[in-house]
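Here's the structure, in structure tokens; my notes come after.
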Amino acid sequence: MGDIYSEIKIVTIPKMKVARYVIISPNPERDVMNYMNKWAKESGLLDIKDFSPRKIGWDFPFVTKEQSEKFGLRGYVFAYSIPENFEPKINGAQLDYIEQDTYATLRVTDPHSNSFKNIPEGYHRLFNFVNSGEYKTLTWENRIAFEEEFDIDGIHYMDIYIPVK
């Protein structure tokens, strides 16, 4: 099998309204995705005709040293993009905006064949690219690095995004 990592490219993602939630647990990615998938269904988001929400996530860095070291806890945020005028039928997710930004991105094919190797290596490649040249991130204020998972023709992918300049 060839390289599971695509070439790095620079993209601009337009401003998007999101519904998001954070969970701190031993397996926060699975826990928060399950929670938000249920929320998306019950809120009516998945009933909107001709709307395909983006699903994105990122590490939640506000976990204490004790939570991490003593209890093995990590934090993760998961979000669905939502239409500007969407009014959820239920509460339970924070509605917010992710502002337009420019990112370095790469695609990882079958990231979960070895999640704790493949995904960090994707981030490592992106950070090396960003920090070694003209795209070096000058500020992280109000910016996030995130990942987006999806399937195409039965193959699972993850796109990783890191803000630049």
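The values are calculated or read from the model by the stated rules, or taken from the named source; none is laboratory data. Computed from a predicted structure; not experimentally measured. Using ideal geometry, Cβ is built from the backbone for each residue, glycine included, and neighbour counts are taken over all protein chains shown. All accessible areas refer to the heavy atoms of the entire protein, side chains included, with ligands and DNA or RNA removed. Shrake-Rupley method; radii C 1.70, N 1.55, O 1.52, S 1.80 Å.
Modelled label positions at Tyr157 and His112, each set 7 Å beyond Cα in the direction of Cβ, lie 1.7 nm from each other.
For Cα Rg over 2.2 N^0.38 Å, the value calculated from this model appears in (i) 0.98; (ii) 1.03; (iii) 1.07 under label (iii).
Contact order for the chain, expressed relative to its length and based on alpha carbon pairs under 8 Å spaced 6+ residues apart, stands at 31 percent. Per-residue ellipticity at 222 nm computed for the chain from its helices equals -7500 deg cm²/dmol, with DSSP H segments shorter than 4 residues left out and the rest contributing -39,500 (n - 2.57).
Restrict the search to the range 88-161; then list the trypsin sites (Lys or Arg not before Pro) that DSSP places in a loop and that have at most 16 other Cβ atoms within 10 Å of their Cβ.
Working: sites: Lys89, Arg107, Lys117, Arg125, Lys136, Arg143; in loops: Lys89, Lys136, Arg143.
Those that pass, being in a loop and sparsely packed, are Lys89, Lys136, Arg143.
For the chain, carbon and sulfur atoms together expose 50% of the accessible surface, with a 1.4 angstrom probe and every protein chain in place. Rolling a 1.4 Å probe across the protein heavy atoms gives the range 1-83 an accessible surface of 60 Å² per residue. In this Cβ point-charge picture (+1 for Lys and Arg, -1 for Asp and Glu), the chain has a dipole of about 280 debye about its Cα centre. Under the combined filter of DSSP loop state and at most 15 neighbouring Cβ atoms within 10 Å, the range 1-103 retains these GluC sites (Glu not before Pro): Glu7, Glu84, Glu99.
Spatial offset of the range 89-165 relative to the range 1-57 amounts to 11 Å, using the alpha carbon center of each.
Would you please classify the overall shape of the range 58-104 from the alpha carbon gyration tensor, given that a ≥ b ≥ c denote the square roots of the eigenvalues, rounded means a/c under 1.5, and beyond that prolate means a/b larger than b/c while oblate covers the rest?
Working: a/c = 4.09, a/b = 1.68, b/c = 2.44.
Verdict is oblate for the range 58-104.
Potential lengthening of the chain between Glu121 and Glu66 amounts to 17.2 nm, from the contour at 0.36 nm per residue minus the alpha-carbon distance. Could you work out the local net charge near Val130, counting Lys and Arg as +1, Asp and Glu as -1, over the other residues with Cβ closer than 14 Å to its Cβ? Cβ neighbours under 14 Å give a net charge of +3.
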